[in-house]
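Here is the structure we will look at, set down as structure tokens.
The values are calculated or read from the model by the stated rules, or taken from the named source; none is laboratory data. This structure is a prediction, so every number in the text was calculated from the model and none was measured. Every residue, glycine as well, gets a Cβ built from its backbone with ideal geometry; the counts of neighbours run over all protein chains shown.
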Amino acid sequence: MITAMSSLSDKIQQLDLKRIPRHVAIIMDGNGRWAKQHGHERSFGHENGVSTVRQVTEIASEVGVGYLTLYTFSTENWDRPQDEVDALMNLIVVSIEQQTPDLIKNNVRLTTIGDMDRMPAFAANRLRKCMQDTSHCTGLVLCLALSYSSRWEIVEACRRIASEVAAGTLRPEEINDEVLSSHLATGDMPDPDLLIRTGGDLRVSNYLLWQIAYSELYFTPKYWPDFTKEDFVAAIADFQARERRYGKTSEQVKTQ
């Protein structure tokens with residue numbers, strides 16, 4: 001254990017703390033396959049994934065990430081078997097309630113994005129209570145994407161913008177990138193600098209499609225329950241090794 005902790009500490013010290021991504025988004029994939037690999041039902045994977053959420057939240061806060069957004073439950077997930085959906089809803093709520101004292105202790109503020117109206121009342125109300133309990137925290141913002149999909153989010157933003165145009169409070173010619181961004185569920189957060197996906201699949205699965213236009217993408221074959229603090233730091237190190245050009249040339253970036 002001492003060696004493992006020392007190794008993590010060494011890896012953190014090798015990071016450029018001035019270039020830590022302000023916002024990291026994660027697609028937590030592979031819980032079900034991990035459970036099957038270990039001879040258990042899918043729920044066993046989700047339960048073990050909770051520990052990874054705690055570990056990753058801790059390390060993100062430690063290295064100075066400002067926002068951590070986790071793809072927790074997509075709108076497409078409502079189509080899964082009802083018993084799995086029910087188990088997931090209960091697990092999410094119970095886990096967050098159990099972790100709320102630690103979130104407060106570590107100055108982590110909890111928030112959510114997604115269609116909360118589709119959430120069961122018991123889950124939505126208890127999650128709102130946890131968000132209220134952490135609302136005074138000023139450190140890392142832990143954002144859970146619940147009942148979320150990017151296409152849903154963009155359609156909702158367009159509806160709100162259309163309503164403002166119809167009401168005469170916004171002119172069509174005033175609509176630009178900034179206006180659309182401000183109407184998204186993430187309107188009060190910066191776009192992700194880094195998107196991590198576990199589980200081996202190489203796709204973004206309807207997640208933050210507008211926001212990740214210039215995000216660095218990091219894919220790992222590790223299933224989410226096996227993803228460690230060291231793995232998170234390795235993803236940060238990989239991010240820092242990349243040149244972020246935003247459409248410019250390397251020479252232009254170097255002269256900025």
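General observations
For every residue, the table says whether it meets (1) within 17 Å of the chain's Cα centre (by Cα); (2) among the acidic types (Asp, Glu); (3) over 19 Å from Ile196 (Cβ atoms); (4) surrounded by 14 or more Cβ atoms within 10 Å (Cβ to Cβ).
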| position | (1), (2), (3), (4) |
| --- | --- |
| Ser51 | yes, no, no, no |
| Asp83 | no, yes, yes, no |
| Asn107 | no, no, yes, no |
| Asp117 | no, yes, yes, no |
| Leu144 | yes, no, no, yes |
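- Residue that is nearest to Lys222 (Cα to Cα), among those in segment 2-36 that are of a type in the set (Gly, Ala, Ser) and at pLDDT below 95: Gly32
- Within segment 71-85, residues that are part of a helix (DSSP H, G or I) have Cβ atoms under 8 Å from residues that are among the basic types (Lys, Arg) and surrounded by fewer than 15 Cβ atoms within 10 Å (Cβ to Cβ) in these pairs: Thr75/Arg118; Trp78/Arg118, counting only partners at least 6 apart in sequence or on another chain.
- Test result for Leu88, surrounded by 15 or more Cβ atoms within 10 Å (Cβ to Cβ) and under 27 Å from Ile236 (Cβ atoms): no
- Scanning segment 228-248 for residues that are of a type in the set (D, E, K, R) and touching a Ser or Thr at 6+ places or on another chain (Cβ under 9 Å) turns up Glu230, Asp231, Glu243.
- Wholly enclosed helices (runs of 4 or more DSSP H) of segment 159-256 bearing at least 3 residues among the aliphatic types (A, V, I, L, M): 229-240
- Taking residues in segment 232-250 that are modelled with pLDDT under 95 and of a type outside the set (A, V, I, L, M, F, W, C), and partners anywhere that are loosely packed, with under 14 Cβ neighbours inside 10 Å and part of a helix (DSSP H, G or I), the pairs with Cβ atoms closer than 7 Å and at least 6 places apart or on different chains are Glu243/Ser250; Glu243/Val253; Arg245/Val253.
- Some residue of segment 148-159 being within 19 Å of Thr72 (Cα to Cα), surrounded by fewer than 16 Cβ atoms within 10 Å (Cβ to Cβ) and either under 17 Å from the mean Cα position of the chain (by Cα) or of a type outside the set (Gly, Ala, Ser) (or both): yes
- Checking each residue in segment 23-67 for being touching a strand residue (DSSP E or B) at 6+ places or on another chain (Cβ under 8 Å) and either over 21 Å from Val108 (Cβ atoms) or assigned to a loop (DSSP other than H, G, I, E, B) (or both) picks out Met28, Asp29, Val65, Gly66.
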